[in-house]
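Q: Structure below; questions to follow.
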Amino acid sequence: MRKLSFFIVLFLILINISGCKNQELMNQWKPNELKIDGSDADWQNVPLFMDEDMNIAFGSANDDENEYLIIKIGDVQLARRIQRMGVTVWLSREGKKEKRFGIRYIGSESLAASLRRNLNPEGQQPALSRMKKFKKTDLPRFGMIGILHDGKYRTEPENNPWGPSAASQEVNGLFCYEFKIPLQFGMSVTGDADEEILDDIKIGIEIGGITQEMREAMRENVAEMRDRKEGMRGMEGGRGGGMGGRGRMGKSGAGMGSDMSGLEGKEFWLDIKLAEK
């Protein structure tokens, strides 16, 4: 009896320890009919896993070229937070300590319309008012994805056939987000273009926050815009014009940094074993 109690205690300890690590996930081979359209209909034969802390379900698949990810959310408040702040999917070999490639997405026009139909004005306005302080370029627009690439930030259409793509919609009361990430594309932007893709990757999912990496990329973009404008004004002649441009852009950059303070997202990482056909 004493030995049995010891093994029970040891088993519980191991469960707690394993819960502290990244979630491990054995990928499924991509279903033939899988399309990035925001629907979960193509994922019926792919196991979905639940993150109890964040109350979301996710599934993962791959083929020889791409990683596919679905995120399903039943909480309308969390979906609204993504609409305001975005969800970022990181692709890495090293996990959280190497965030050099990520995709940021706030959703499609159709999903935004679904959220507006379900909108409860109470408690919503303060967050929306806070977001009005951000410039339009700080987050991707509906139907666009933001790509964070070695500290640089750019936007592309969500249905890009040659690079990362995403889609989202409401399905039977659930908010579904689908992603396609070209594996070689993701590895190349982390400096591993000439290396063979390994059997495992790490995927980070960060929901509803301006990440530190995104802050730095945005500040670099602001600095580049400021330098370009100052150069153009200098070419036009007029020292005063250059000084004026510096003052306005400098103030905008400082304001952006202060506005983003405290807007941290919720984040977890998956250790993914890629499937073979």
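The values are calculated or read from the model by the stated rules, or taken from the named source; none is laboratory data. Everything numeric here is computed off the predicted structure, so don't read it as measured data. Here Cβ is always computed from backbone atoms with ideal geometry, including for glycine, and neighbour counts include all displayed protein chains.
Q: So which residues in region 170-206 are of a type in the set (A, V, I, L, M), surrounded by fewer than 22 Cβ atoms within 10 Å (Cβ to Cβ) and either part of a helix (DSSP H, G or I) or at pLDDT 65 or above (or both), if there are any at all?
A: If the condition is that a residue be of a type in the set (A, V, I, L, M), surrounded by fewer than 22 Cβ atoms within 10 Å (Cβ to Cβ) and either part of a helix (DSSP H, G or I) or at pLDDT 65 or above (or both), then Val171, Leu174, Leu183, Met187 are the ones that fit.
Q: Residue check, Gly107 against (1) touching a Ser or Thr at 6+ places or on another chain (Cβ under 7 Å); (2) closer than 12 Å to Ile205 by Cα, all met but one. Which one?
A: (2)
Q: Return yes or no: is Ala57 within 20 Å of Pro164 (Cβ to Cβ), at pLDDT 90 or above and not polar (S, T, N, Q)?
A: It is false that Ala57 is within 20 Å of Pro164 (Cβ to Cβ), at pLDDT 90 or above and not polar (S, T, N, Q).
Q: Here's a follow-up. Given the conditions (1) at pLDDT below 85; (2) buried (at least 16 other Cβ atoms within 10 Å of the Cβ); (3) in contact with a helix residue (DSSP H, G or I) (Cβ under 8 Å, 6 or more places away or on another chain); (4) over 19 Å from Thr155 (Cβ atoms), report the number of the one that Asn62 does not fulfil.
A: That leaves (1) as the condition not met.
Q: Right, another one. Say we look at region 20-59 and pick out the residues that are surrounded by fewer than 17 Cβ atoms within 10 Å (Cβ to Cβ) and aromatic (Phe, Trp, Tyr); which of these is nearest to Val89 (Cα to Cα)?
A: In this case the residue turns out to be Phe49.
Q: Answer yes or no as to whether Ala57 is assigned to a strand (DSSP E or B) and either assigned by TED's automatic domain parsing to the domain that holds Ala166 or over 17 Å from the mean Cα position of the chain (by Cα) (or both).
A: So Ala57 passes the test.
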